[in-house]
Amino acid sequence: MADEPLVLGIETSCDETGVGIVRGHTLLADAVASSVDEHARFGGVVPEVASRAHLEAMVPTIQRALKEAGVAAGDLDGIAVTAGPGLAGALLVGVSAAKAYAYALGKPLYGVNHLASHICVDQLEHGALPEPTMALLVSGGHSSLLLAPDITSDVRTLGSTIDDAAGEAFDKVARVLGLGFPGGPVIDRWAKEGDPDAIRFPRGLTGSRDPHYDFSFSGVNTAVARRVEERRREGVEVPIADVAASFQEAVTDVLTRKAIRACRDNGVDHLMIGGGVAANSRLRSMAEERCADAGLKLRVPRPKLCTDNGAMVAALGAEMVARNVTPSSLDLPADASLPVTEPHVPGHGHGHG
Amino acid sequence: MLLLAFDTATPAVTAAVHDGTTVLAESTSIDARRHGELLMPAVDCVLREAGAELDAVTGIVVGVGPGPYTGLRVGLVTAAAFGDALGIPVHGICTLDGLAYASGIDGPFVVATDARRKEVYWAHYAGPRTRSSDPAVDRPGDIATQVAGLPAVGAGAALYPEVFTDIRAPADQSAGALAALAAAKLAEGEPFENEGGLPALPLYLRRPDAQVPAAYKAVLPK
Ligand SMILES: [Zn+2]
């Protein structure tokens with residue numbers, strides 16, 4: 001069992017109810033129920049709407065995942081769940097469900113970090129992670145450069161955003177352009193029709209005296225807004241495709257440039273990119289070109305594994321089972337602001353079994 | 001019959017094991033902010049104390065609210081997961097009904113729990129097992145005439161003594177009472193909140209607070 005543990009993972013940190021099942025590094029099921037359509041008209045995720053949807057979707061999504069994987073709940077070696085970071089009420093639904101399944105089935109419980117899961121998911125795509133792993137984590141809530149000597153116990157932050165997360169920047173620009181929510185996929189689509197060199201938007205924190213690994217996206221956001229408003233004020237049509245392409249180019253340029261620098265500086269021969277923004281097609285193609293030029297091996301999971309899902313939680317849980325990490329206790333809390341440096345949440349110690 | 005009951009719709013995190021005749025074990029702690037942390041250790045504790053094996057449990061009883069949502073969902077998703085994992089039915093009971101049953105008051109009275117934001121969740125009862133109005137959420141001042149002079153049960157009532165003038169016990173929910181009510185209903189073939197094998201759904205009573213983000217803010221000076 002220890003080599004290829006069979007683990008079910010539950011993810012409810014935002015608006016996706018995700019349940020994944022893995023056997024070691026093999027993906028067996030990846031079931032997702034999303035409430036994204038219910039949030040679209042509000043222009044952002046409404047926490048209470050997300051929490052209500054998680055409660056309704058939880059058991060059916062678990063049943064769907066077990067069926068898809070063709071395994072019985074009793075055969076599982078462990079249950080993993082996102083303990084944080086994320087929306088407090090949404091996390092609590094998943095954590096409570098995971099505890100009840102773990103207790104009722106007599107299986108060990110693993111409270112895991114959502115961000116470390118975004119990295120560990122690549123084991124399902126490209127096999128065991130190198131140690132250390134250099135990861136660029138880009139999502140709606142986070143933009144960080146991380147160095148992980150051990151994804152189950154030791155994740156270090158080299159740099160992170162000082163204002164907006166990369167995904168937030170996409171949402172804001174989409175709102176300015178009137179393209180709706182969420183912004184990532186729609187900007188990606190429009191950008192394909194536009195000229196990435198049409199407008200030179202600012203690249204934040206890329207001066208020689210700026211911190212090497214930190215990010216800032218508020219400057220490019222303001223520049224896009226200014227550009228669009230000026231056009232509108234003059235009564236000139238806004239070239240949406242060119243703005244989207246040029247904005248996307250500016251963001252991906254900074255992300256890849258800093259990530260590759262971090263690899264070089266730390267003597268790491270690969271770059272892992274994870275998180276929802278890693279589904280962006282331009283980020284993927286630019287990273288591919290630049291990593292090839294720099295002699296680095298690029299590891300990016302397929303887009304469906306980059307956005308929030310239960311498989312990534314199961315992947316990290318399976319790694320914990322394989323490494324004999326002590327399971328979490330039954331009083332495991334949901335921690336909305338769990339730091340990226342804590343891949344595993346043990347709970348306070350009122351254990352069972 | 002062996003029932004595992006719990007309720008997280010009020011500040012009380014309460015769990016109990018009931019064998020159809022009597023409460024074998026009960027645990028109740030009052031902490032409005034830690035439902036998620038406290039519930040499973042409480043469940044583990046009452047099962048051990050009752051000396052009950054989990055696979056001997058024949059049904060889950062859960063309070064379906066009304067109650068503040070974040071805590072309420074802890075009990076409901078736990079019940080749903082237990083029901084699924086153990087392959088046993090989940091019986092949903094209105095949280096106010098549990099308090100009414102525990103009060104044993106014969107005659108008209110009201111039950112009120114704290115809904116925060118200066119409101120209460122409440123209902124009228126004609127007897128300990130007879131609710132005579134739908135659960136509602138209101139400002140105490142707005143229902144003063146409807147509850148005037150009636151005995152009132154629940155910590156929500158005790159918060160507003162100027163409206164609820166005849167406060168009676170209990171103040172807090174007890175999973176033991178909830179389980180006893182469920183056992184009585186099961187014995188008499190009475191329906192639960194979730195009839196026909198449907199999942200036990202929460203009584204939210206309020207629509208979600210959905211803050212529509214302010215209209216796009218211009219960066220250029222006007
Ligand atoms: Zn994420």
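The values are calculated or read from the model by the stated rules, or taken from the named source; none is laboratory data. Because the structure is predicted, anything quoted here is derived from the model rather than measured. Neighbour counts run over all protein chains shown; Cβ positions are idealised from the backbone, glycine included.
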Exercise. How many residues does region A:145-169 contain that are surrounded by 20 or more Cβ atoms within 10 Å (Cβ to Cβ), assigned to a strand (DSSP E or B) and acidic (Asp, Glu)?
Worked result: 0
Problem set entry | Matching residues, region A:115-140, being without any contact (Cβ under 8 Å) to a residue 60 or more places away in the chain and either within 14 Å of chain B (Cβ to nearest Cβ) or within 16 Å of the ligand (Cβ to nearest atom) (or both) | none
Exercise. Restricting to region A:30-60, what's the tally of residues that are touching a residue at least 60 places away in the same chain (Cβ under 8 Å) and not in a loop (DSSP other than H, G, I, E, B)?
Worked result: 6
Seminar exercise, completed: residue B:85 meets each of (1) assigned to a helix (DSSP H, G or I); (2) touching a Leu at 6+ places or on another chain (Cβ under 6 Å); (3) buried (at least 24 other Cβ atoms within 10 Å of the Cβ) with one exception, condition (3)
Seminar exercise, completed: Apart from one, (1) within 16 Å of the ligand (Cβ to nearest atom); (2) modelled with pLDDT of 95 or more all hold for residue A:150; the odd one out is (1)
Exercise. Within region A:80-96, can one find any residue that is in a helix (DSSP H, G or I) and surrounded by fewer than 20 Cβ atoms within 10 Å (Cβ to Cβ)?
Worked result: yes
Exercise. Does region A:265-285 contain at least one residue that is away from the ligand (no atom under 16 Å from the Cβ) and crowded, with 24+ Cβ neighbours inside 10 Å?
Worked result: yes
Exercise. When you go through (1) outside any helix (DSSP H, G or I); (2) closer than 18 Å to residue B:63 by Cα; (3) outside the structural domain of residue B:40 (by TED's automatic domain parsing) one by one for residue B:91, which number turns out not to apply?
Worked result: (3)
For this session: Among residues belonging to region A:170-187 that are in a loop (DSSP other than H, G, I, E, B) and of a type in the set (Gly, Ala, Ser), point out the one that is surrounded by the fewest Cβ atoms within 10 Å (Cβ to Cβ).
Result: A:178
Seminar exercise, completed: How many residues of region A:125-144 are surrounded by fewer than 24 Cβ atoms within 10 Å (Cβ to Cβ), touching a strand residue (DSSP E or B) at 6+ places or on another chain (Cβ under 9 Å) and not polar (S, T, N, Q)? The answer is 7
Seminar exercise, completed: Flagged in region B:45-54 as out of contact with any helix residue (DSSP H, G or I) (no Cβ under 7 Å at 6 or more places or on another chain) and surrounded by fewer than 24 Cβ atoms within 10 Å (Cβ to Cβ), in numbering order, are B:45, B:48, B:49, B:50, B:51, B:52, B:53
Seminar exercise, completed: The condition of being within 15 Å of the chain's Cα centre (by Cα), within 14 Å of another protein chain (Cβ to nearest Cβ), assigned to a helix (DSSP H, G or I) and over 18 Å from residue B:183 (Cβ atoms) holds, among B:71, B:65, only for B:71
For this session: Just name the residue that is surrounded by the fewest Cβ atoms within 10 Å (Cβ to Cβ) out of those in region A:208-244 that are of a type in the set (Gly, Ala, Ser) and under 30 Å from residue A:146 (Cα atoms).
Result: A:208
Problem set entry | Neighbours by Cβ (under 8 Å, 6+ apart or cross-chain): first from region A:292-311, aliphatic (A, V, I, L, M); second within 12 Å of the ligand (Cβ to nearest atom) and assigned to a helix (DSSP H, G or I) | A:300/A:278; A:300/A:306; A:305/A:312; A:311/A:305
Problem set entry | Complete set of residues in region A:188-207 that are surrounded by fewer than 22 Cβ atoms within 10 Å (Cβ to Cβ) and closer than 18 Å to residue A:145 by Cβ | A:203, A:205, A:206, A:207
For this session: Could you check, for region A:22-29, whether at least one of its residues is in a strand (DSSP E or B), within 16 Å of the ligand (Cβ to nearest atom), at pLDDT 95 or above and hydrophobic (A, V, I, L, M, F, W, C)?
Result: no
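Regarding residue A:299, is this residue farther than 30 Å from residue A:61 by Cα and either hydrophobic (A, V, I, L, M, F, W, C) or away from the ligand (no atom under 16 Å from the Cβ) (or both)? Walk me through it before giving the result.
Details: farther than 30 Å from residue A:61 by Cα: no; either hydrophobic (A, V, I, L, M, F, W, C) or away from the ligand (no atom under 16 Å from the Cβ) (or both): yes.
So residue A:299 fails the test.
Hey, does region A:129-138 have a residue that's closer than 30 Å to residue A:232 by Cβ and either modelled with pLDDT of 95 or more or touching a Leu at 6+ places or on another chain (Cβ under 6 Å) (or both)? Explain how you work it out, then say what you get.
Residues of region A:129-138 closer than 30 Å to residue A:232 by Cβ: A:138.
If we keep only those that are either modelled with pLDDT of 95 or more or touching a Leu at 6+ places or on another chain (Cβ under 6 Å) (or both) too, we end up with A:138.
So far as region A:129-138 goes, yes, one or more of its residues are closer than 30 Å to residue A:232 by Cβ and either modelled with pLDDT of 95 or more or touching a Leu at 6+ places or on another chain (Cβ under 6 Å) (or both).
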Problem set entry | Scan of region A:1-21 for residues that are under 18 Å from residue A:116 (Cβ atoms) and more than 16 Å from the ligand (Cβ to nearest atom), ordered by number | A:5, A:7, A:8
Exercise. So which residues in region A:72-110 are more than 11 Å from chain B (Cβ to nearest Cβ), within 16 Å of the ligand (Cβ to nearest atom) and in contact with a His (Cβ under 8 Å, 6 or more places away or on another chain), if there are any at all?
Worked result: A:82, A:84, A:85, A:86
Exercise. Is region A:202-210 home to any residue that is in contact with a Ser or Thr (Cβ under 9 Å, 6 or more places away or on another chain) and within 14 Å of chain B (Cβ to nearest Cβ)?
Worked result: yes
Seminar exercise, completed: Scanning region A:97-138 for residues that are in a helix (DSSP H, G or I), among the polar types (S, T, N, Q) and closer than 17 Å to residue A:14 by Cβ gives A:117
For this session: Would you check if there is a residue in region A:41-64 being more than 11 Å from chain B (Cβ to nearest Cβ) and small (Gly, Ala, Ser)?
Result: no
